[in-house]
Amino acid sequence: MSFCATNMTDRRLPGPGPAALTVTNMDRQPGKSERVERGTWQNSVCGNSTADVAAAPRIPGPAQRVHDARAEGQQLLPFDLHNPGRVHKRMPTSRCGWGKNFVAFDSPSVEALWGDVERRVPAALAAVHAGTPFTDPLHADVLRDLVVLHYVRSLHYRDVHTDSVERARTRLVVKVITQYPERLSLEALRETGLYLSGPAALSTFAERLIERSAVMRDRESGKLFRTSIEDTFHKMRDLASTRRLEVIKPETGQFLIGDNPTPTLSVKESRTIYGMAFSDAQTLELPIGPRHMLSLGPEDVMLTVPQPFVDRLNAVQVHAAHRYVYMHPKSSLEPLVERTAQRRPAGNRTT
């Protein structure tokens, strides 16, 4: 049984898996690289079935873009975690979840990759809302792809990528100045006419050499990040293909989503821990609306989970968020978010 199926038992699932907690993109405009590709959770949180809609309007189909005037009627309630005391006002979905130049280099390449998944999503989501997600095996396949897709196009993945490149650069500087100091000094003498012998001077020159490398130029242009997204997507999809799909519904209450909605999760007794490496996580989930969540598990199954479990998952979203969480305007989740936001110490990955 999985993390969800066992109602938070302390069991580690074998092997690595993709980490993604966000929602699907049915309305993204091709070519809009300035949009932060965390997925249009702003649409899914409003709901796209009779069960999820409540007072919110029905989500438009793929051909109806978020800038359509009708989309202005769809609203979310954003909660600013940096300013929890302010009055939080509803916003149209078209104004939620935006950022500039998330993929700055050759964005049509990743747009094509994402579009290949997203064009298959509406039918799969309709099956989820109809309670028949496993009638067609292709639905489970695309929903697993959806989890992977939203892992790689998240703020979390971007931060992990940036940190990894910086750590690799630092290690390379240390390696060059410790293993090849004479060659480095000769190269400095050839380029500058100066003889550099001290570690600080050699380190500065080594950094200059590394910054001129093709890899670092690709980092500056954004090409390295774009290729990393594509490569990781394919690798993670292969891993996810060995797992089954759980569709989770709350017994009561609703799910919300954060602006950094990709934490890996493990439960240790009363503690929910997030943000660990894939191989150390028990599970990972993807909210696709206020009343539905996807999870990769050992079997295809539909689950209903109790309110305390829903609250813990929502608390993880708040703790892991960069600045905002988004909820259905009539979800009554603001008090939970306010309480959780007060217990959001920097660096603590336990709820």
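Within segment 128-154, which residues are of a type in the set (Gly, Ala, Ser) and within 18 Å of Pro290 (Cβ to Cβ)?
Result: Ala130, Gly131.
Has segment 306-313 got at least one residue that is open to solvent by 20 Å² or more (accessible area, probe 1.4 Å), under 16 Å from Leu76 (Cα atoms) and modelled with pLDDT of 90 or more?
Taking every residue of segment 306-313 in turn, none turns out to be open to solvent by 20 Å² or more (accessible area, probe 1.4 Å), under 16 Å from Leu76 (Cα atoms) and modelled with pLDDT of 90 or more.
State which residue pairs qualify: first residue over 18 Å from Glu211 (Cα atoms) and part of a loop (DSSP other than H, G, I, E, B) and inside segment 171-200, second residue of a type in the set (S, T, N, Q) and open to solvent by less than 100 Å² (accessible area, probe 1.4 Å) in any location, beta carbons under 6 Å apart, and separation of 6 or more residues or different chains.
So the pair list comes out as Leu196/Ser185.
Considering (1) outside any helix (DSSP H, G or I); (2) among the polar types (S, T, N, Q); (3) touching a residue at least 24 places away in the same chain (Cβ under 8 Å), say which one Ser228 fails and leave the rest.
Here Ser228 meets the rest and fails (1).
Quick one: His234 ticks every box in (1) closer than 24 Å to Pro78 by Cβ; (2) within 17 Å of the chain's Cα centre (by Cα); (3) open to solvent by 40 Å² or more (accessible area, probe 1.4 Å) bar one, so which box is it?
Result: His234 fails condition (1) only.
Looking at Leu184, Leu209, Leu239, Leu202, which is the one that is closer than 30 Å to Ala104 by Cβ, of a type in the set (A, V, I, L, M) and modelled with pLDDT of 90 or more?
None of the others qualify; the one that does is Leu209.
If you take the residues of segment 92-103 that are open to solvent by 70 Å² or more (accessible area, probe 1.4 Å) and not in a helix (DSSP H, G or I), which of them is modelled with the highest pLDDT? Give the derivation first.
Kept after step one, since they are open to solvent by 70 Å² or more (accessible area, probe 1.4 Å), are these residues of segment 92-103: 95, 98, 100-101.
Those still in the list that are not in a helix (DSSP H, G or I) too: 98, 100-101.
On the way: Trp98: 74, Lys100: 74, Asn101: 79.
Checked segment 92-103; the qualifying residue modelled with the highest pLDDT is Asn101.
Mind listing whichever residues of segment 147-178 are among the β-branched types (Val, Ile, Thr) and either open to solvent by less than 70 Å² (accessible area, probe 1.4 Å) or under 21 Å from the mean Cα position of the chain (by Cα) (or both)?
Scanning segment 147-178 gives Val147, Val148, Val152, Val160, Thr162, Val165, Thr170, Val173, Val176, Ile177.
Answer with yes or no whether Ala240 is among the aliphatic types (A, V, I, L, M) and either on the phi > 0 side of the Ramachandran plot or crowded, with 16+ Cβ neighbours inside 10 Å (or both).
Here the answer is yes, as Ala240 does meet what is asked.
Return the residue satisfying two criteria in turn: it lies in segment 131-146 and is in contact (Cβ under 8 Å) with a residue 60 or more places away in the chain and either over 21 Å from His234 (Cβ atoms) or in contact with a Pro (Cβ under 8 Å, 6 or more places away or on another chain) (or both), and of such residues it is most open to solvent (accessible area, probe 1.4 Å).
If we take residues in segment 131-146 being in contact (Cβ under 8 Å) with a residue 60 or more places away in the chain and either over 21 Å from His234 (Cβ atoms) or in contact with a Pro (Cβ under 8 Å, 6 or more places away or on another chain) (or both), then Phe134 is most open to solvent (accessible area, probe 1.4 Å).
Would a scan of segment 245-265 turn up a residue that is free of Cβ contacts under 8 Å to residues at least 40 places away in the same chain, open to solvent by 10 Å² or more (accessible area, probe 1.4 Å) and either outside any helix (DSSP H, G or I) or not polar (S, T, N, Q) (or both)?
First pass over segment 245-265, keeping only residues free of Cβ contacts under 8 Å to residues at least 40 places away in the same chain: none.
No, segment 245-265 contains no residue that is free of Cβ contacts under 8 Å to residues at least 40 places away in the same chain, open to solvent by 10 Å² or more (accessible area, probe 1.4 Å) and either outside any helix (DSSP H, G or I) or not polar (S, T, N, Q) (or both).
Can you pull out the residues in segment 77-96 that are closer than 18 Å to Asn314 by Cβ and under 19 Å from the mean Cα position of the chain (by Cα)?
Pro78, Phe79, Asp80, Leu81, Cys96
Filter segment 179-196 for residues that are in contact with a helix residue (DSSP H, G or I) (Cβ under 9 Å, 6 or more places away or on another chain) and either at positive phi or surrounded by fewer than 12 Cβ atoms within 10 Å (Cβ to Cβ) (or both) and give the result.
Arg183, Glu191, Thr192, Leu194, Tyr195 - these are the residues of segment 179-196 that are in contact with a helix residue (DSSP H, G or I) (Cβ under 9 Å, 6 or more places away or on another chain) and either at positive phi or surrounded by fewer than 12 Cβ atoms within 10 Å (Cβ to Cβ) (or both).
Quick one: what pairs do we get from segment 278-306, first residue under 20 Å from Pro261 (Cα atoms) and of a type in the set (Ser, Thr, Tyr), second at pLDDT below 90 and not in a strand (DSSP E or B), C-beta under 7 Å, 6+ apart or different chains?
Ser279/Gly15; Ser279/Pro16; Thr283/Ser2; Thr283/Phe3; Thr283/Cys4; Thr283/Leu13; Ser295/Ser2; Ser295/Cys4
Determine whether segment 267-279 contains at least one residue that is surrounded by 14 or more Cβ atoms within 10 Å (Cβ to Cβ), under 21 Å from Phe79 (Cα atoms) and aliphatic (A, V, I, L, M).
No: zero hits.
The values are calculated or read from the model by the stated rules, or taken from the named source; none is laboratory data. Every value quoted in this text rests on a predicted model; they were computed, and no experiment measured them. Reconstructed Cβ throughout: ideal geometry from the backbone, glycine too, with neighbour counts over all protein chains shown. These area figures cover heavy atoms from the full protein model, side chains too; ligands, DNA and RNA do not enter into them. Shrake-Rupley method; radii C 1.70, N 1.55, O 1.52, S 1.80 Å.
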